[in-house]
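Chemist: The structure follows.
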Amino acid sequence: MTEIKKEATPEQLLYANILEKGMLVGLGLMFLTFALYVFGIMKPVVPTNEIANYWNMPVHDYLVAINTNFLHGDSLPTGWTWLKLISRGDFLNFIPIVILSGVTILCYIVIIPGLFARKDTAMGVIAVMTSLILILAASGILATGGH
């Protein structure tokens, strides 16, 4: 019978430490970018007094409406095209979301060498595959759905 370990491995501790720091950075930036947006320090694409008009819309209809009414672009702002609008208060709020979403990828990448160094090949392969899948999903290469 296999004995259950009660202490964390070095990789688990490293993962947890990076996750904690990334969460704190993302959360801090979330407060900062939201303050810049809500107090009007950075002008938004959609004026704050009009945003409630769009809350009940499906995503596609919302994107069409803001493109038609405010952006006047040739295409809808989907995928990573929000980066072009980073100077606007409402899109600046995406940065902490990306950090909070991406910190898990960083955690996996950082623990990979330690897993292979201590001959935990199965977990190393799982960490590599998980990292690759998350990176591909975040890149938009594995686009699915109707958006």
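The values are calculated or read from the model by the stated rules, or taken from the named source; none is laboratory data. Bear in mind that the values here come from a model prediction, so they are computed numbers and not experimental data. For neighbour counting, all protein chains shown are included, and Cβ atoms are generated from backbone atoms with ideal geometry for every residue, glycine included. Only protein heavy atoms, including side chains, enter the accessible area calculation; ligands, DNA and RNA are left aside. Shrake-Rupley method; radii C 1.70, N 1.55, O 1.52, S 1.80 Å.
Chemist: Kindly indicate the residue of the stretch 74-94 that is among the polar types (S, T, N, Q) and open to solvent by 70 Å² or more (accessible area, probe 1.4 Å) and also nearest to V46 (Cα to Cα) among those meeting that condition.
Modeler: S87
Chemist: Just one of L71, L29, L14, L63 is of a type outside the set (K, R), closer than 30 Å to K119 by Cα and surrounded by 14 or more Cβ atoms within 10 Å (Cβ to Cβ); which is it?
Modeler: Unique residue meeting the criteria: L14.
Chemist: Identify, by number, the condition in (1) at pLDDT 95 or above; (2) under 20 Å from the mean Cα position of the chain (by Cα) that L14 doesn't meet.
Modeler: Going through the list (1) at pLDDT 95 or above; (2) under 20 Å from the mean Cα position of the chain (by Cα), L14 breaks only (2).
Chemist: Give the residue, chosen from I97, I105, I141, that is open to solvent by 80 Å² or more (accessible area, probe 1.4 Å), without any contact (Cβ under 8 Å) to a residue 40 or more places away in the chain and over 19 Å from K43 (Cβ atoms).
Modeler: I141
Chemist: Hey, any hits in the stretch 32-43 for a residue that's open to solvent by 70 Å² or more (accessible area, probe 1.4 Å), in contact (Cβ under 8 Å) with a residue 40 or more places away in the chain and of a type in the set (F, W, Y)?
Modeler: yes
Chemist: Within the stretch 28-62, take every residue that is within 15 Å of S87 (Cα to Cα) and hydroxyl-bearing (S, T, Y) and give me the one that is modelled with the highest pLDDT.
Modeler: T33
Chemist: Of all residues in the stretch 117-127, which are of a type in the set (A, V, I, L, M, F, W, C) and open to solvent by 50 Å² or more (accessible area, probe 1.4 Å)?
Modeler: Those that are of a type in the set (A, V, I, L, M, F, W, C) and open to solvent by 50 Å² or more (accessible area, probe 1.4 Å): A117, A122, M123, V125, I126.
Chemist: Output the number of the condition that L24 fails; it satisfies all remaining conditions of (1) farther than 16 Å from S101 by Cβ; (2) surrounded by fewer than 14 Cβ atoms within 10 Å (Cβ to Cβ); (3) free of Cβ contacts under 8 Å to residues at least 60 places away in the same chain.
Modeler: (1)
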